[in-house]
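Trainee: My questions all concern the structure below.
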Amino acid sequence: MQAKSVDKAEEVRQFPHGHSEIVEVGGASLQRATFEAGWRWSTDIKPIAGTDSCQVHHVGYVLSGRMKLEMDDGAAAEVGPGDVFDIPPGHDGWVLGDEECVLLDWGPGVAGYAKSTS
């Protein structure tokens with residue numbers, strides 16, 4: 001049995017306009033990500049990831065704030081408080097409005113999110 005608090009994250013990854021707190025439990029990773037107003041994946045994470053769009057598969061739940069998501073093929077959606085999401089690889093995302101967006105993400109690629117490939 002394991003029980004951990006995301007408030008005592010094992011790793012915190014800082015990036016422009018936000019941060020990600022990672023905990024490992026049961027062989028899986030969970031991230032609580034905080035994206036400040038003005039955050040955009042293609043501006044703030046792309047230089048870290050080294051890919052043209054986000055290649056992480058996200059599955060999660062929005063705690064607060066709003067985010068716009070756009071797939072490489074142009075399909076788009078918005079998520080906000082109480083929404084559950086499944087976002088396949090190949091997307092951009094950005095915070096909408098002036099409120100930070102906080103979400104929980106337990107998708108299969110969380111362990112590598114915002115982690116430098118160099």
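No value in this document is a laboratory result; all are computed from the given coordinates. Here the structure is a predicted model, which means the values were calculated and not measured. Here the Cβ is made from the backbone with ideal geometry for all residues, glycine too, and neighbour counts use every protein chain on show.
Trainee: Give me the extension gain from MET1 to ALA75: residue separation times 0.36 nm, minus the current Cα-Cα distance, reported in nm with one decimal.
Mentor: Full extension from MET1 to ALA75 adds 22.6 nm.
Trainee: Please give, to one decimal in nm, the separation of the simple spin-label points placed at GLU24 and ASP98, each 7 Å out from Cα toward the Cβ.
Mentor: 4.2 nm
Trainee: Mind checking the full-extension length gain between GLN14 and ASP83? Use 0.36 nm per residue of separation minus the Cα-Cα distance, one decimal, nm. Each step should come with its number before you reach the end.
Mentor: Values: separation 69, 0.36 × 69 = 24.84 nm, distance 2.46 nm.
Here the answer is 22.4 nm.
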